[in-house]
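Beneath this line is the structure, given in structure tokens, with notes to follow.
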Number of protein chains: 2
Amino acid sequence: MTTPQLIEQIRLKKSFLCIGLDVDLSKIPEHLLKEEDPIFAFNKAIIDATHQLCVAYKPNTAFYEAYGLKGWKSLERTIQYLNQKHPEIFTIADAKRGDIGNTSSMYAKAFFEDLGFDSVTVAPYMGKDSVEPFLEFKEKHTILLALTSNEGAFDFQTKTIDGKEVYKHVLETSKTWKNSENLMYVVGATKAEYLADIRSIIPNSFLLVPGVGAQGGNLQDVCKYGMNNSVGLLINSSRGIIYASNGKDFAEVSAEKARELQQEMATILDVY
Amino acid sequence: MTTPQLIEQIRLKKSFLCIGLDVDLSKIPEHLLKEEDPIFAFNKAIIDATHQLCVAYKPNTAFYEAYGLKGWKSLERTIQYLNQKHPEIFTIADAKRGDIGNTSSMYAKAFFEDLGFDSVTVAPYMGKDSVEPFLEFKEKHTILLALTSNEGAFDFQTKTIDGKEVYKHVLETSKTWKNSENLMYVVGATKAEYLADIRSIIPNSFLLVPGVGAQGGNLQDVCKYGMNNSVGLLINSSRGIIYASNGKDFAEVSAEKARELQQEMATILDVY
């Protein structure tokens, strides 16, 4: 999917919501555990109920790997279902990968070509030659971790090098990489006040913002500081939507929660 | 496996060699492609031929993920084979994972419990709460990326914060984390001269050193600066051993290459 196509979907749906498909078998409704593939059954129900309210889905690969072969199969089925049934939806493999050059190429091939994701999250620690192999893929997007929403973000990301925080060095340096137009960035919502600075470095890039809701971020603040002319934001919510109920009505309740966020987003889009 | 058990194996085998099982179907001998599971067949042959010459095997998960479900199955079969046939061998899942707390727990469970690896490589960018979930596992080891052997290592890892390189901050900070005794570190061999400084920060930890051979590092230099009283080194070689021949004799040739390194190590161990 191209960036203009993503922006078109945002305008059409009046939503820049991304739903995190982080499926934990201990949290899903009990009646689903009888299904042959409970993880996929859960995802399918959530997707069927919410796909008009969001523009992206983001399975975190850890939750699938934790179930071994079965989990990997559920991930395959989920992305196949999305690509066949809803090709207009932007898909994110939240994998936080990153390795030496030729090995990063293997990861890129796995997520972009074999699984068919539109994008993958990548860690910056190993630098340019660990990220550029991902950037080579046309109409695919590499979402680089810049400033994450967890407490540990303050261990290294916000430390200063020559008076500038590490995450800002990551932003600036990444702009010089080949095919950097294929970059997006993870920026945690718990630090909305940092978004103005971030926008001065990467005014045009899309930001994937986790941590609205469950992790305490505020949607209004994120939009105030982070939105650009093309919206430029994907706001992720996982637990707050997919685990809103664990009864038989889980899909409808997830849609209600998604609709609340979507409507808040529609109001914001009308103002900006 | 405990660290004393690993050290015992090193003394017994006079080897601190780790063999990287980075299996690329385009590089393995053609006759193996007829096998039902060519990746496992290749690994099994390499393991059978080299297990007395090395103390560790390190599959890089990217190479397995690149083949989807089949690849994941090959990884499972490989680690099962190692754990059943050679429980004295230290196993490393080179996965370079790292995510927000509860998600890191999922990864830790996947690699330590379900797959049964002794250790996993982890990226430090997301800080303390992304790494500590791995450190909770008893007799399991978390190998933190400190200074990698690729060119991109100079993008962020060697930049200085308050006069000290980022990778040194990673080393120092990680020592303060809970269960930090379960940490080992990735330190690339292309920067052997940095090892003296690194040893002053983490004198007792094991270092996993990639990049000897193919990537240009020198074994003598690495040992000179990096060895401690418990040896404290695992030297990884992948391509130089496993792809030394792509004929029917590939396993024997890989054993020859492994033996060359093992003998060099035996000589070094006799001196130190």
Which loop trypsin sites (Lys or Arg not before Pro) in the range A:1-99, with loop taken from DSSP, have no more than 13 other Cβ atoms within 10 angstrom of their Cβ? A:K27
Using the heavy atoms of the protein chains alone and a 1.4 angstrom probe, what is the accessible area of the protein assembly as shown per residue in square angstrom? 37 Å²
Return one quarter of the surface area of the convex hull spanned by the alpha-carbon atoms of the range A:175-240, equal to its mean projected area, in nm². 4.5 nm²
Return the equivalent ellipsoid semi-axes of the range B:1-100 as a descending list in whole Å, where each equals the square root of 5 times an eigenvalue of the C-alpha gyration tensor. 24, 17, 11
With charges only on Cβ, +1 for K and R and -1 for D and E, what is the dipole size of the protein assembly as shown about its Cα centre, in debye, rounded to 20? 160 debye
For the protein assembly as shown, just the Cα atoms, rotate onto the principal axes and tell me the three extents in Å, largest first. 74, 54, 39
Which order do peptides A:142-148, B:113-119 fall in by mean Cβ count within 10 Å, highest first? A:142-148, B:113-119
Compute the distance from the alpha-carbon center of the range A:189-205 to that of the range B:25-61, in whole Å. 47 Å
Could I get the Rg over Rh figure for chain A? Both from C-alpha atoms, Rh via Kirkwood, rounded to two places. 0.95
Could you work out the relative contact order of chain A, using alpha carbon pairs under 8 angstrom and six or more residues apart, expressed as a whole percent? 21 percent
Ignoring ligands, DNA and RNA and using a 1.4 Å probe, state the total buried accessible area between A and B in Å², rounded to the nearest 100. 4700 Å²
Taking every residue in B:59-70, how many Cβ atoms of other protein chains lie within 10 Å of its Cβ, on average? 6
If you count, for every residue in B:100-110, the Cβ atoms of partner chains within 10 Å of its Cβ, what is the mean? 6
Looking only at other chains, what is the average number of their beta-carbon atoms within 10 angstrom of each beta-carbon in B:143-153? 5
Counting other Cβ atoms within 10 Å of each Cβ, which GluC sites (Glu not before Pro) in the range B:1-66 have at most 11 and sit in a DSSP loop? B:E36
Taking N as its residue count, the alpha carbon Rg of the range B:213-272 over 2.2 N^0.38 Å: 1.24
Under a Cβ-only charge scheme (Lys and Arg +1, Asp and Glu -1), can you give me the dipole magnitude of the range B:1-134 about the Cα centre, in debye to the nearest 20? 280 debye
Using θ = phi - 60° and the Karplus relation 6.51 cos²θ - 1.76 cosθ + 1.60, list the HN-Hα couplings for the range B:22-28 in order, rounded to whole Hz, with x at every Gly or Pro. 9, 8, 10, 4, 7, 10, 7
Could you order peptides A:52-62, B:155-165 by the average number of other Cβ atoms within 10 Å of their residues, highest first? A:52-62, B:155-165
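The values are calculated or read from the model by the stated rules, or taken from the named source; none is laboratory data. Not measured: the values here are computed from a predicted model. Ideal geometry is used to build each Cβ from the backbone, glycine not excepted, and the neighbour counts take in all protein chains shown. Surface accessibility is based on the protein's heavy atoms, side chains included, excluding ligands, DNA and RNA. Shrake-Rupley method; radii C 1.70, N 1.55, O 1.52, S 1.80 Å.
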